[in-house]
1. Quick one: among B:Gly62, B:Gly27, B:Gly300, which has the greatest mean-square fluctuation in a GNM of chain B with alpha-carbon springs under 10 angstrom?
2. What is the ratio of the Cα radius of gyration of the range B:65-133 to 2.2 N^0.38 Å, where N is its residue count, to two decimals?
3. For the protein assembly as shown, would you read off the P(r) tail past 48 Å as a percentage of all alpha carbon pairs?
4. So what's the gap between the Cα centers of the range A:213-273 and the range A:1-75, to the nearest angstrom?
5. Taking the label point as lying 7 angstrom from Cα along the Cα-to-Cβ axis, what are the distances from A:Gly180 to the corresponding position in the remaining copies, in ascending order and in nanometres?
6. Using the scaling law 2.2 N^0.38 Å as the reference, what is the normalised Cα Rg of the range B:152-294?
7. Compute the angle between helix A:298-325 and the longest alpha-carbon principal axis of chain A, please, reported from 0 to 90 degrees and rounded to the nearest 10.
8. Pairs A:Lys43/A:Lys71; A:Lys294/B:Lys74; B:Lys43/B:Lys128; B:Lys43/B:Lys294; B:Lys10/B:Lys294; A:Lys43/B:Lys10: which exceed 30 Å Cα-Cα?
Number of protein chains: 2
Amino acid sequence: MPVGTQGTVKAVSPRELHELRAEIILGNTYHLFVRPGLEVIRKLGGLHNFMGWDGPILTDSGGFQVFSLAKLRKITPEGVHFQNHLDGSPCFIGPETSMEIQQVLGSDIVMAFDECPSHPCRHEAAAKSLELTLGWERRCLDWWARQNGEAARPLLFGIVQGSSYPDLRAKSARELVAMGWDGYAVGGVSVGEPEREMMQAVEFAVPHLPEDRPRYAMGLGTPPQLVEMIARGIDLFDCVLPTRVARNGTAFTAGGTLNLKNACFTLDAGPIEEGCACYACAHFSRAYVRHLVKAEEILGLRLISLHNLHFYLNLMARVRGALAAGTFADFRREFVRGYRPHKAAT
Amino acid sequence: MPVGTQGTVKAVSPRELHELRAEIILGNTYHLFVRPGLEVIRKLGGLHNFMGWDGPILTDSGGFQVFSLAKLRKITPEGVHFQNHLDGSPCFIGPETSMEIQQVLGSDIVMAFDECPSHPCRHEAAAKSLELTLGWERRCLDWWARQNGEAARPLLFGIVQGSSYPDLRAKSARELVAMGWDGYAVGGVSVGEPEREMMQAVEFAVPHLPEDRPRYAMGLGTPPQLVEMIARGIDLFDCVLPTRVARNGTAFTAGGTLNLKNACFTLDAGPIEEGCACYACAHFSRAYVRHLVKAEEILGLRLISLHNLHFYLNLMARVRGALAAGTFADFRREFVRGYRPHKAAT
């Protein structure tokens with residue numbers, strides 16, 4: 001899922017998202033709640049209408065951003081009081097408010113409201129946080145059970161927490177499955193822990209999750225990390241990297257990342273990635289994209305954003321093809337071996 | 001002509017330019033000479049190939065930017081020594097170098113190298129500057145006469161100077177016509193003079209310019225100014241306003257400009273301009289565009305840039321239609337009357 005934090009995948013239009021064959025995007029509950037605010041989105045007919053995107057939207061619960069962006073947090077069993085990061089206004093989000101907000105947004109996949117413990121976290125604190133989260137998640141389901149019009153109900157995904165502890169991850173997964181969600185996410189990953197612990201968080205949770213429900217690893221990751229997560233049973237990702245690093249002039253390729261600001265690309269007539277079918281690679285040279293980035297022209301980050309989103313979405317399409325063909329093990333080995341994290345030049 | 005200063009119409013892709021029915025764009029010799037530099041553009045096969053634009057390109061001569069952007073200028077009969085505005089490197093552009101640069105760029109319409117006197121300018125200084133410019137323009141034609149391969153020669157446009165003085169404007173125009181150019185521009189306008197003087201510069205020059213050659217008013221202007229210039233015999237314009245003001249959240253409409261940051265648009269479900277056929281107006285509300293601009297999302301300035309370019313290009317198409325139908329006088333009166341420069345709301 002390309003990430004549309006503030007009601008737009010950064011620098012990319014809905015038409016371009018369709019052309020990239022994006023099948024679903026992510027919207028951020030916290031950001032949209034703070035700006036433009038629910039009144040605007042309600043009046044404009046929900047997030048799909050507001051941003052002109054007719055495909056599915058998954059919205060996070062706001063929990064992660066409340067814990068990473070907001071100021072002066074006060075956590076109570078009821079929810080979280082905080083000051084928003086824009087103007088410091090006092091706000092409150094709890095499980096019920098998070099569900100209300102996501103209902104107003106018109107989300108197709110609603111995420112449970114959870115607490116995301118920081119890293120590292122002692123077992124006792126992680127266990128206490130998990131109890132709070134499980135209670136909140138129960139209340140999210142209860143809130144939807146009280147709503148009328150079950151037909152229009154979105155899909156509801158629970159979030160496995162438990163920090164780096166196998167017993168807590170397992171307990172979290174088992175209790176969520178007992179509640180019965182439409183899908184299951186692994187949260188509390190990519191919060192500063194080493195990659196090994198990130199993989200373990202998935203490994204601890206996945207065996208307890210049903211095979212017939214989608215599994216979603218939140219907020220990840222590099223291309224090889226995604227492939228490795230898929231090997232561990234993950235189906236769904238959201239990731240800001242394709243558009244975020246594009247704004248710094250960095251492009252993803254099968255051989256690793258390229259920093260297009262580098263002088264070695266000054267006269268390079270080749271595309272960002274040889275053989276790539278994206279709009280940027282079909283029409284423009286590395287030399288041109290480098291010039292745009294150096295000259296701080298918006299078209300530069302636009303072209304790299306399109307390429308990077310194409311790279312990620314096409315990687316997922318290739319993985320699906322390999323899985324269908326029964327060749328995923330080979331694909332995984334070759335892809336991960338061929339990808340070097342910091343590739344400076346061709 | 002949409003303006004592509006640094007090898008891109010700001011924030012807009014070549015595909016979007018085609019969709020906007022842009023028939024020609026402008027490139028800036030000075031900017032491209034300074035960055036990425038001629039070696040890059042030569043190696044990448046000229047400006048068309050470099051920027052992926054297969055339509056015509058008019059390039060200015062670099063004269064205006066040398067006088068408005070560069071530092072430590074020293075003007076000699078040979079040309080202008082200066083330090084470029086990026087890193088202060090010493091550079092030189094004279095009439096012959098300007099022609100060489102524009103030849104490397106692969107321009108379809110090459111502008112003469114001229115001196116653009118500042119405003120206000122005494123008659124004596126303006127007369128002296130004009131003599132220098134006329135000598136330089138003569139040398140531009142001479143340079144092209146010395147080139148082989150006449151078949152591939154671009155169109156060459158002379159530039160009328162002469163500040164605000166009718167005798168100098170007339171002299172400039174008459175001497176240029178005697179030299180025989182493919183088209184004629186009125187330069188030294190929109191340099192800080194009152195609108196009345198800007199119109200007069202055109203009025204002083206046009207009667208001396210042949211009817212069967214295009215006339216181009218450089219670096220203009222607001223929508224009513226363009227219509228008024230057309231009434232005075234101008235055929236061609238370049239203007240940065242559509243993309244420049246878009247980056248500040250300002251949109252052009254037939255009723256005047258709208259600042260989409262204004263709070264009155266917070267809940268406005270209508271398009272930027274009612275009845276407009278552009279991509280932005282077909283798909284997005286003022287409320288959404290306002291949100292994007294307030295949140296500093298690039299898609300906001302992209303959408304306004306598309307709308308503003310559509311507005312300008314469509315205005316020219318409407319003028320051509322009115323001229324063909326013999327109704328231009330009515331069109332002019334109604335358009336200028338309906339356009340209010342600072343329209344805050346609907």
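Bear in mind that the values in this text are calculations on the coordinates, not laboratory data. Computed from a predicted structure; not experimentally measured. All Cβ positions, glycine included, derive from the backbone under ideal geometry; neighbour counts span all protein chains shown.
1. B:Gly300
2. On the way: Rg = 13.0 Å, N = 69, 2.2 N^0.38 = 11.0 Å.
Rg over 2.2 N^0.38 Å, computed on Cα atoms: 1.18.
3. Values: 67181 of 239086 pairs.
When every Cα pair of the protein assembly as shown is considered, 28 percent fall beyond 48 Å.
4. The range A:213-273 and the range A:1-75 have Cα centres separated by 21 Å.
5. Label point to label point, same position, other copies: 9.1 nm.
6. On the way: Rg = 19.3 Å, N = 143, 2.2 N^0.38 = 14.5 Å.
My calculation over the Cα atoms of the range B:152-294 gives 1.33.
7. Helix A:298-325 sits roughly 70 degrees off the main axis of chain A.
8. Numbers: A:Lys43/A:Lys71 28 Å; A:Lys294/B:Lys74 28 Å; B:Lys43/B:Lys128 39 Å; B:Lys43/B:Lys294 41 Å; B:Lys10/B:Lys294 19 Å; A:Lys43/B:Lys10 32 Å.
From A:Lys43/A:Lys71; A:Lys294/B:Lys74; B:Lys43/B:Lys128; B:Lys43/B:Lys294; B:Lys10/B:Lys294; A:Lys43/B:Lys10, over 30 Å: B:Lys43/B:Lys128; B:Lys43/B:Lys294; A:Lys43/B:Lys10.
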